[in-house]
Amino acid sequence: MKTKTHFLLGAGISWISGAQITHEAAMASLLGILGGVSAVIPDMDLIFAAADEKAHRSQFSHSLGSSLVIAAAMMIPCVLIVRYTGFVLSNWWIAPIFASLFLSTFSHPATDSLTRAGTRLLWPISNRRFRGDFKYNDIVANSALSVLGLILIVAAVTCTEFL
Ligand SMILES: [Zn+2]
C-alpha cells in the first residue's frame, strides 16, 4: 500500500491503543505518531531495491519477525522521548506499548499481503507468501484503510478528551 496509508493505519492503531493503555491524551498522541512512523519503516527496504528488485517486501522487512524487531527498536525513541519530555512512564505500560507498536508495524506487511506481490507474513514461523488481488496503489483499498486509520485517530482523540 501507499506510504500515507501505512502511516495513517499505524498511527490509528497505536493512538487508540495508547489511549486505552495510558488514559492520557499526550501519551496517546505520542504513541500514535510513533506507531505511524513505525508502520512506514518496512518500506525503507526500497533503498536496497535499486540493487536487487527482490529486496522490496522480502521477509526481512515485511513479516511477523521483522515487525517484532522494528517494534522493539521503536521502544528506544519512545522511552527517550517520554524521559526527556517529562512524561511519567509507568512500568506497567512497557509491554502494552510494545504490543501497540508491534500491531502498528505489523499492519504494514498485513495490508501489503493484500497486494499481488504479497508478503511472507508469518516468517519465520512460515515461509508461505500471502497475496491478494490489489495493486499497491489501488485507490479503493488505500482509501478504505486510510479512512479506517483516521476513524481510529478521531476516536482516540475524542475518548481521551473526556478523561
Ligand atoms: Zn511495504
Can you name the condition, by its number, that Pro124 falls short on among (1) surrounded by fewer than 19 Cβ atoms within 10 Å (Cβ to Cβ); (2) within 22 Å of Val37 (Cα to Cα)?
-> (2)
Pick out the one residue from Leu148, Leu122 that is over 16 Å from Leu30 (Cβ atoms) and out of contact with any Ser or Thr (no Cβ under 9 Å at 6 or more places or on another chain).
-> Leu148
The one condition Ala50 fails out of (1) farther than 16 Å from Leu152 by Cβ; (2) within 16 Å of the ligand (Cβ to nearest atom); (3) surrounded by 15 or more Cβ atoms within 10 Å (Cβ to Cβ); (4) aliphatic (A, V, I, L, M) is (3)
Considering only the stretch 53-70, how many residues are within 16 Å of the ligand (Cβ to nearest atom) and in contact with a Phe, Trp or Tyr (Cβ under 7 Å, 6 or more places away or on another chain)?
-> 7
Please verify whether the stretch 134-151 includes one or more residues that are charged (D, E, K, R), closer than 14 Å to Arg57 by Cβ and in contact (Cβ under 8 Å) with a residue 60 or more places away in the chain.
-> no
Is there a residue being under 23 Å from Ser126 (Cβ atoms), touching a Leu at 6+ places or on another chain (Cβ under 7 Å) and not acidic (Asp, Glu) anywhere in the stretch 44-60?
-> yes
Among the candidates Ser63, Ser58, Ser104, residue that is touching a Gly at 6+ places or on another chain (Cβ under 7 Å), surrounded by 13 or more Cβ atoms within 10 Å (Cβ to Cβ), in contact (Cβ under 8 Å) with a residue 24 or more places away in the chain and polar (S, T, N, Q) = Ser104
Could you tell me which residue of the stretch 18-47 is farthest from Ile153 (Cα to Cα), considering only residues that are within 12 Å of the chain's Cα centre (by Cα) and more than 16 Å from the ligand (Cβ to nearest atom)?
-> Leu34
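Just so you know, all these numbers are worked out from the coordinates, no wet-lab data involved. No experiment lies behind these values; they were computed from the predicted model shown. Backbone-built Cβ (ideal geometry, glycine too); neighbour counts: all protein chains shown.
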